[in-house]
Amino acid sequence: MEALVQLLTDRALQCTIAELGADLSELRVTSVSGGFSRNRRALVSAGDKTIFVKEVDVDVLPDDGETELAWLKKDYEVTRLLQKVHPEFVADWIKLDGDGHVLITTSYASADGWLWRPPAEKSVAERYISAVLAAVRELENTQLTAEMVEEMQLQSFVATELGLDDGIDQVIAEADIRRQLIDNYQILLPEQSKVNQRRCQKMMELLGRSDELADISVRAKRFAKQPEDCFNHSDVRSDNLAFHPQTGELKLVDWNWASYAPQGSGATEFLVDMARHGQDVTPWLEELNAEMLAAFVGFFLVRSLKPPLKPGDNLRQMQALSAAVAYDLLERT
Ligand SMILES: Nc1ncnc2c1ncn2[C@@H]1O[C@H](COP(=O)(O)OP(=O)(O)O)[C@@H](O)[C@H]1O
Ligand SMILES: [Mg+2]
């Protein structure tokens, strides 16, 4: 029972009981990998039925969880919308329950062969990356009315948020920030793969070169001027998508950042994630939006210095590595 209570609260368990038509004693609750949010999530089974449950736990959040509740609602509404226009890329079934605190969807469990991380085998990884890039490209053409954009809060924000982020300028202006960053990379470095170690080294060198940092700042600001006319998930990472290598099916989840963004934004964020995971992204370098990569550098650098969201999570390390990967890829475009 105790493990149950840790994964989901009573509210979510009640919703699950109703959904599965089971008793509490029949429920099997298992944890899932991935995710950087403070939401609770688990797979819940009764008999031969399994569902995925994600819950906003207002007790661990500031502002009574208002922000996260709005995100959960958006996740739900965008999924519903995409079920009509691109059903192949989203969960077949989704329900917002528990007074808006509990999102329940079809299970795409790793036990059933779904991959929530890049595959180890090279040929599968190639199919995986190609499938995601094709989906992201197709999703870019999603045309929605102004009313829908307004209603689902799909207004563009990526180019300005990233391009006009003052992170890189803070890094340029403040020696203290540069020192902190270098210290962080030094701590991070020993635990990384060879390729990421090299990227961390390169980033530490960059932090000592003001002319090159200034050049990146200029390129980042150009990103803010790109037209934002492509629909994007805006958080395309391996922990937000499931791929089934046997069938080639692909499901994207966690739509709360969805928005109109510059062309290639989805491909760029995904390829940064792939490269960070050690995948060779050489075949897809032309898909990268170089100005977005430049914007990523400062954006992720300053965020990596913030305190962790919750004790022991690796969000800040992920951000530090993302900055280093973005810089490495920028050099290769
Ligand atoms: N439908 C699902 N079936 C199985 N596992 C899922 C499903 N949706 C999400 N997950 C698992 O939960 C993790 C986090 O889900 P996500 O919706 O991205 O939540 P968060 O908002 O916490 O990032 C995913 O990385 C995956 O491991
Ligand atoms: Mg997620």
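Take the residues in the range 2-41 that are assigned to a loop (DSSP other than H, G, I, E, B) and either away from ligand 2 (no atom under 16 Å from the Cβ) or farther than 27 Å from ARG316 by Cα (or both); name whichever of them is most open to solvent (accessible area, probe 1.4 Å). Give the steps one after another, and end with the answer.
Of all residues in the range 2-41, those assigned to a loop (DSSP other than H, G, I, E, B) come to 8-9, 21-23, 27, 31-39.
Next, only the ones that are either away from ligand 2 (no atom under 16 Å from the Cβ) or farther than 27 Å from ARG316 by Cα (or both) stay: 8-9, 21-23, 27.
Values: LEU8: 1, THR9: 35, GLY21: 69, ALA22: 11, ASP23: 95, LEU27: 17 Å².
Among them, the one singled out is ASP23.
Scanning for something in contact with a Cys (Cβ under 6 Å, 6 or more places away or on another chain) and surrounded by 17 or more Cβ atoms within 10 Å (Cβ to Cβ), does the range 243-259 turn up at least one residue?
No, there is no match, as no residue in the range 243-259 is in contact with a Cys (Cβ under 6 Å, 6 or more places away or on another chain) and surrounded by 17 or more Cβ atoms within 10 Å (Cβ to Cβ).
If a residue has to be open to solvent by less than 20 Å² (accessible area, probe 1.4 Å) and away from ligand 1 (no atom under 16 Å from the Cβ) to count, how many in the range 103-134 make the cut?
3
Pull up the range 42-56, narrow it to residues that are more than 14 Å from ligand 2 (Cβ to nearest atom) and assigned to a loop (DSSP other than H, G, I, E, B), then point me to the one that is nearest to the chain's Cα centre (by Cα).
Top of the filtered list is ASP48.
Would you confirm, using the coordinates I've provided, whether TYR128 is aromatic (Phe, Trp, Tyr) and not in a helix (DSSP H, G or I)?
No; evaluated as a whole, the condition is false for this residue.
Which of the residues that make up the range 148-177 are over 23 Å from ALA290 (Cα atoms), out of contact with any helix residue (DSSP H, G or I) (no Cβ under 6 Å at 6 or more places or on another chain) and surrounded by 18 or more Cβ atoms within 10 Å (Cβ to Cβ)?
Result: LEU154, single match.
For the range 233-242, enumerate the residues that are away from ligand 2 (no atom under 11 Å from the Cβ) and open to solvent by 10 Å² or more (accessible area, probe 1.4 Å).
Residue satisfying the conditions is SER234 alone.
How about the range 199-216: which of its residues are of a type outside the set (Lys, Arg) and either open to solvent by 10 Å² or more (accessible area, probe 1.4 Å) or outside the structural domain of ALA323 (by TED's automatic domain parsing) (or both)?
GLN201, MET204, GLU205, GLY208, SER210, ASP211, GLU212, ALA214, ASP215
So in the range 71-85, with the set limited to residues that are open to solvent by 20 Å² or more (accessible area, probe 1.4 Å) and touching a residue at least 12 places away in the same chain (Cβ under 8 Å), which one is nearest to the chain's Cα centre (by Cα)?
TRP71
Select from the range 42-57 the residues that are touching a helix residue (DSSP H, G or I) at 6+ places or on another chain (Cβ under 8 Å) and open to solvent by 40 Å² or more (accessible area, probe 1.4 Å) and write down the one among them that is nearest to ligand 1 (Cβ to nearest atom).
LYS49
Please list, ordered by first then second residue, the pairs with beta carbon atoms under 9 Å, 6 or more apart or interchain, first in the range 37-48 and in the same structural domain as LEU8 (by TED's automatic domain parsing), second open to solvent by 60 Å² or more (accessible area, probe 1.4 Å) and among the aliphatic types (A, V, I, L, M).
Between residues of the range 37-48 that are in the same structural domain as LEU8 (by TED's automatic domain parsing) and residues that are open to solvent by 60 Å² or more (accessible area, probe 1.4 Å) and among the aliphatic types (A, V, I, L, M), the close pairs are SER37/LEU309; ARG38/VAL60; ARG38/LEU309; ARG40/VAL60; LEU43/ALA111.
The values are calculated or read from the model by the stated rules, or taken from the named source; none is laboratory data. A quick note: this is a predicted structure, and the numbers were derived from the prediction, not measured. Don't worry about glycine lacking a Cβ; one is built from the backbone with ideal geometry, like all the others, and counts go over all protein chains shown. Areas reflect the complete protein model, heavy atoms only, side chains present, ligands, DNA and RNA absent. Shrake-Rupley method; radii C 1.70, N 1.55, O 1.52, S 1.80 Å.
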